[in-house]
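Trainee: This is the structure I have questions about; it appears just below.
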Amino acid sequence: MRIHGNEIVIYWRFILMTKNIGEFLQELRKDKGLTQKGLAEQIGVSDKTISKWERGESIPDIFTIQQRIS
């Protein structure tokens with residue numbers, strides 16, 4: 001199997017986007033004075049999920065979150 005240059009670019013863009021989303025979420029959470037557990041309780045996910053989002057290991061499903069906070 002051969003990896004093409006555009007596949008590498010897409011992969012790295014995804015990593016950078018994930019990292020930026022995680023940093024943004026962490027900054028927003030801290031600005032609101034919330035712990036990971038506190039935010040998790042408010043939106044109905046686990047604190048481990050919040051931690052994964054902030055570390056860039058996964059990204060939130062925006063549609064699910066929107067339904068939970070509406």
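Trainee: Among T35, T18, which is the only one that is at pLDDT 90 or above and not aromatic (F, W, Y)?
Mentor: Working: T18 fails: at pLDDT 90 or above.
Going through T35, T18 in turn, the sole match is T35.
Trainee: Further question: Mind checking which pairs have a first residue in the stretch 22-36 that is within 9 Å of I50 (Cβ to Cβ) and a second that is outside any helix (DSSP H, G or I) and open to solvent by 100 Å² or more (accessible area, probe 1.4 Å), Cβ under 7 Å, 6 or more apart or different chains?
Mentor: That search, which allows pairs on different chains as well, returns nothing.
Trainee: In this structure, does S58 turn out to be hydroxyl-bearing (S, T, Y) and modelled with pLDDT of 80 or more?
Mentor: The answer is yes for S58.
Trainee: Check K52, K32 and return the single one that is on the phi < 0 side of the Ramachandran plot and loosely packed, with under 11 Cβ neighbours inside 10 Å.
Mentor: Details: K52 fails: loosely packed, with under 11 Cβ neighbours inside 10 Å.
After applying the criteria, what remains is K32.
Trainee: Among all residue pairs at least 6 apart or on different chains, which show Cβ distances below 8 Å where the first residue, located in the stretch 50-66, is in contact (Cβ under 8 Å) with a residue 60 or more places away in the chain and the second is of a type in the set (D, E, K, R) and open to solvent by 80 Å² or more (accessible area, probe 1.4 Å)?
Mentor: Matching pairs, first to second residue: none at all.
Trainee: Kindly indicate whether I43 is in contact (Cβ under 8 Å) with a residue 40 or more places away in the chain and surrounded by 12 or more Cβ atoms within 10 Å (Cβ to Cβ). First the steps, then the outcome.
Mentor: On the way: in contact (Cβ under 8 Å) with a residue 40 or more places away in the chain: no; surrounded by 12 or more Cβ atoms within 10 Å (Cβ to Cβ): yes.
The answer is no for I43.
The values are calculated or read from the model by the stated rules, or taken from the named source; none is laboratory data. As the structure is a prediction and not an experimental result, all values here were calculated from the model. In this analysis, Cβ positions are derived from the backbone assuming ideal geometry, glycine residues included, and neighbour counts consider all displayed protein chains. These area figures cover heavy atoms from the full protein model, side chains too; ligands, DNA and RNA do not enter into them. Shrake-Rupley method; radii C 1.70, N 1.55, O 1.52, S 1.80 Å.
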